[in-house]
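For reference, the structure is listed below as structure tokens.
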Amino acid sequence: MEEFAAFVGLSRPTVSKYFNDPVSMRAKTRARIEAAVEQSGFRPNLLASNLKRSRTRVLGVIIPDNSDPFYMELTRCIEEIAERAGYFSFVLTSNGQRERETEAIGRLQSLNVAGAIVVPIGAGETNTELARLEARIPLVYVDSRPDHDAPFVGTENGQSFNLIVDYLCRSGEPPAFLGMPEVNRNAGARRRAYAAGMRAVGAEPVFLDLPKETTWNFERVGHAVMTAALASRNRPRTVLCANDRLAFGALLAAWEAGLRVGHAEGADIRIAGHDDHPLARYTCPPLTTVAQNCKEIARTAMHKLIARLDDTDDEGPLCCLLRGDLILRASA
């Protein structure tokens, strides 16, 4: 930074101010520094400078699965919002493993992040290391609700599952439920939301048997559970999956069984999902589902986090649940 300041012909504090908050600079000074950056190729070492500050401009993000398009879109939105607010986001993944989650928390602490957005894993108690991180810095949970009162943004499972259960019951036979493995608290929340939705329309909940394993390979689970269900005496005519990735596996099982999926005349079975995965519209047939508002989840979570970082009032509730939208396609 000293060498670059000398190269530009400005003081180090002035140059440092540009990299921390370029919009605060006079246009002429900013243009001078930007021209020097272009000419020299200089970039400050954000991690090194971060360690020297009591208040940093780096935000941490922990997600459970970086191959899942929902979390990819979530982090993309978070990164865009963070950049506009003058922050740099550092994304880590837990791979759905408690040990990896603990390692990710430790790395964020070593980077001296100012705050964090976390998708917690596990269906039981929140990781104790997350609780310690929450005590040190502003932290907002998203997607999977923690086991205690804390800032959280997610989808209102009760509303979204009531929406699709009501539609499926009005348009055909009541659905059996193909649930998630117990990878996080969403698994139980969605199971309970389905059961409540069925009782609301006077139908008895029916749960397909899940394997006793904790895995994020939802497509494999959906395929295995549906294959077994289709081979049973009480083969379901309508199946609601806890998420779209489970539904992808279920669609394959139905195809392998020679069944026609859909709500048109002559169809053998209806299959629906939840989340509106980016590939849901391209399955065969296209998947009926409930859309989560990923962009709004990211925007609301970042609003809460930045408000806490800036010590300003967050007018929204501590727990913010967003509504889902029914997406009707050919599968159900």
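The values are calculated or read from the model by the stated rules, or taken from the named source; none is laboratory data. Keep in mind that this is a model prediction, so the values were computed, not measured. Ideal geometry is used to build each Cβ from the backbone, glycine not excepted, and the neighbour counts take in all protein chains shown. These accessible areas exclude ligands, DNA and RNA; they are computed on the full protein's heavy atoms, side chains included. Shrake-Rupley method; radii C 1.70, N 1.55, O 1.52, S 1.80 Å.
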Problem - the chain, accessible surface, carbon-and-sulfur percent (1.4 angstrom probe) - result: 50
Handout entry: 14 Å cut-off, amide nitrogen to a point 7 angstrom out along Asp147 Cα→Cβ, residues in segment 87-103
Key = 98
Practice task
Would you calculate, for the chain, the mean residue ellipticity at 222 nm contributed by helices, counting each DSSP H stretch of 4 or more residues as -39,500 (n - 2.57) and dividing by all residues, to the nearest 500?
Solution key: -14000 deg cm²/dmol
Practice task
Rank these by accessible area, largest first, 1.4 Å probe: His223, His263, His277.
Solution key: His263, His223, His277
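Mind pulling the per residue volume of the convex hull built on the Cα atoms of segment 239-291? Å³ is fine. Kindly include the intermediate steps, with their values, before the conclusion.
Details: hull volume 3.4 nm³, N = 53.
Expressed per residue, the convex hull around the Cα atoms of segment 239-291 is 64 Å³.
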Problem - On Cα atoms only, tilt of 98-110 relative to the major axis of the chain in degrees - result: 20
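Return the tail of the calculated pair distribution for the chain, meaning the percent of Cα-Cα pairs more than 35 Å apart.
Beyond 35 Å sits 34 percent of the P(r) for the chain.
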Problem - Solvent-accessible ranking of Leu210, Leu230, Leu108, largest area first, probe 1.4 Å - result: Leu210, Leu230, Leu108
Exercise for the section: Please work out how much accessible surface Thr289 shows to a 1.4 Å probe, ignoring ligands, DNA and RNA, in Å² rounded to 10. Expected result: 0
Handout entry: Calculated from backbone phi, Karplus (6.51, -1.76, 1.60) coupling profile of segment 147-163 in Hz, x at Gly/Pro
Key = 8, 8, 5, 7, x, 8, 10, x, 8, 6, 4, x, 5, 5, 6, 4, 4
Practice task
Can you work out the accessible area per residue across segment 230-332, with the rest of the protein chains kept in place, probe 1.4 Å, in square angstrom?
Solution key: 49
Practice task
Determine how large the accessible area of Arg145 is when every protein chain is in place; take a 1.4 Å probe and give Å² rounded to the nearest 10.
Solution key: 110
Problem - Cα-centred dipole magnitude for segment 114-237, charges only on beta-carbon of K, R (+1) and D, E (-1), debye, nearest 20 - result: 360
Practice task
DSSP loop (so not H, G, I, E, B), at most 16 other Cβ within 10 Å: list which GluC sites (Glu not before Pro) in segment 244-312 pass both filters.
Solution key: Glu265
Handout entry: Rh by Kirkwood over Cα pairs, then Stokes-Einstein D for segment 256-329 at 0.890 mPa s and 25 °C, µm²/s
Key = 163
Problem - Simple spin-label estimate for Arg26 and Gln97 in nanometres, 7 Å along Cα-Cβ - result: 5.5
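Using a 1.4 angstrom probe on the protein heavy atoms only, line up Asp313, Asp276, Asp244 by accessible area, largest first.
Accessible-area ranking of Asp313, Asp276, Asp244, largest first: Asp313, Asp276, Asp244.
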Problem - Spatially proximal aspartates and glutamates relative to Lys304 (Cα-Cα < 13 Å; intrachain offsets below 8 disregarded) - result: Glu296, Asp313, Asp314, Glu315
Exercise for the section: Give the accessible surface of segment 1-147 per residue, rounded to a whole number of Å², with probe radius 1.4 Å and ligands, DNA and RNA excluded. Expected result: 52
Problem - In Å², nearest 10: area of Cys169 left accessible to a 1.4 Å probe - result: 30
